[in-house]
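Below is one structure, written out as structure tokens, with a few remarks after it.
The values are calculated or read from the model by the stated rules, or taken from the named source; none is laboratory data. Because the structure is a prediction, the values reported are computed rather than measured. Quick reminder, even Gly has a Cβ in these numbers, built from the backbone with ideal geometry, and neighbours come from all protein chains shown. Surface accessibility is based on the protein's heavy atoms, side chains included, excluding ligands, DNA and RNA. Shrake-Rupley method; radii C 1.70, N 1.55, O 1.52, S 1.80 Å.
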Amino acid sequence: MELLSTGKKLLHNATMKLIPVTIALILLVMIPLNLFSHFSSPWPSPVSTKLGKKCDMFRGRWVQFPKGPSYTNVTCHHIFDQQNCMKLGRPDTEFLKWRWKPDECELPFFDAAQFLELVRGKSMAFIGDSLARNQMESLLCLLASEGDPVAVSNTKYPLSKSCLYTDYNFTVASFWSPYLVKDIVAKPTAGTADSLTNVYVDEAHEAWMSQIEKFSYVIVSAGIWFFRPQVYYENGNIVGCHLCHKKNVTNLTALYGYRKAFQTTFRTLLRLKNFKGVTFLRTVSPSHFENGEWNTGGNCVRTKPVSSKEMRLEGLYPEMYSTQVEELNAAEKLGRKRGLKFRLLDTTEALVVRPDGHPGYYGKRVHENMTIPDCVHWCLPGPIDTWNEFLLQMLKMEGGSSLGQ
């Protein structure tokens, strides 16, 4: 009996020690997997985009891919010269031989036929500056294996671009609106980056607002233009400025105009009665000037990706990222009431470690000023093609497709 009593005590003590461990393991399993990516990343991830059940495709790393891109500057004739790095003499090609690898899965290759089937009878608009056009041209190149679209002229807004894939009745367009809202150059100077611009932060840009209701998908982005000198207007009155050096005008940061621009853009989309499309926020694209700024000798001469420990978002970029995501979240909540969808196309983490992907000194024609490198736009082909691989997966998820999981 004494031996049995002793055995019961030992069993009881062992059980009591195991209970806390068991509870801890249960709680660990209950924690969403994307919570770990949230804490391990310097960027918040309030909108989770997943392939399958466990993969946040925006969190990962670049791995070598010797085969290289699916198109070249020879097979695609949609490349704007300033992003046609190989045509303009870039000698290295290693930057082309990397592919984005999400932490928990594989990112499927871009399938042009599948993309066009998903958007058959629909339309897609890229709203923003030249980086929005950069992404659209990447998409046109990725789709080139299935044919070329017919250009549609836009006489009222010549900086905007539109084309139609007749076999699929699919229209894709880019609307030039670098501030997303109405802007008027107030004081042109010799260097366009120093031009003073009047920015009407509560008025959506007419170029896109006048046509956007008919579009099925809208990709919104904005970035470096907000670093320039600006005077901010609301209700037709000056409310402040950034780098304008005007007496008796309140000095505001670039983030003021940046937040207001996204607020106005999203609220306009929510307000337009006939707009039924899905809105994607393409997050801020970092420039990579090293050893100085664009006008102080900075350059971008790397030839391969860097690690996330070596290069992170700096300067105003982290706050720009947070600002646009906060405004997207606010719009997403309001959108539920109208049945409108707002989605996060989170490209920032993947591209911040790609200082090698810019045209640098190979983004200008021979007769142009070669002393200022382009460390803002992206070579085509190049890392920016990953944006559209992300976009394809998001379109598949909107359609409820299980492909690529």
Burial order of peptide ranges 248-255, 355-362, 179-186 (average beta-carbon count within 10 Å, highest first): 355-362, 179-186, 248-255
Within the accessible area of region 179-267 (1.4 Å probe), percent carbon and sulfur: 50 percent
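For residue 110, what is the net charge nearby, where nearby means another residue's Cβ is under 9 Å from its Cβ and Lys, Arg count +1, Asp, Glu -1? Walk me through the numbers on the way to the answer.
Working: positive: none; negative: 111, 385, 389.
Here the charged neighbours net out to -3.
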Packing-based ranking, highest mean first, of 107-113, 62-68, 275-281 given that Cβ atoms within 10 Å are counted: 275-281, 107-113, 62-68
Most positive-pole-ward Cα, 289, 325, 243, against dipole of region 218-339 from beta carbon charges: 325
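Once Rh is set to the Kirkwood radius over Cα pairs, what Stokes-Einstein translational diffusion coefficient, in µm²/s, holds for region 243-313 at a temperature of 10 °C and a viscosity of 1.306 mPa s?
Details: Rh = 16.7 Å.
Rounded, D is 95 µm²/s.
Taking only protein heavy atoms and a 1.4 Å probe, what accessible area per residue, in Å², does region 245-312 have with all protein chains in place? List each step's numbers first, then the result.
Numbers: 3800 Å² over 68 residues.
So region 245-312 comes to 56 Å² accessible per residue, rounded to a whole number.
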In nm, spacing of pseudo-spin labels at residue 237 and residue 151 (7 Å Cα→C-beta vector): 4.6 nm
Average accessible area per residue (Å²) across region 117-165 - probe 1.4 Å, nucleic acids and ligands excluded: 40 Å²
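Starting from the residue with the highest accessible area, list 245, 288 in decreasing order, probe 1.4 Å.
Numbers: 245 170, 288 10 Å².
So the residues, ranked largest to smallest area, are 245, 288.
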Solvent accessible area, Å² - residue 86, 1.4 Å probe, full protein context: 50 Å²
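GluC sites (Glu not before Pro) within region 83-192: which are DSSP loop residues with at most 14 other Cβ atoms inside 10 Å?
Numbers: sites: 94, 104, 106, 117, 137, 146; in loops: 104, 106.
In loop regions of region 83-192 (DSSP not H, G, I, E or B), the sparsely surrounded GluC sites (Glu not before Pro) are 106.
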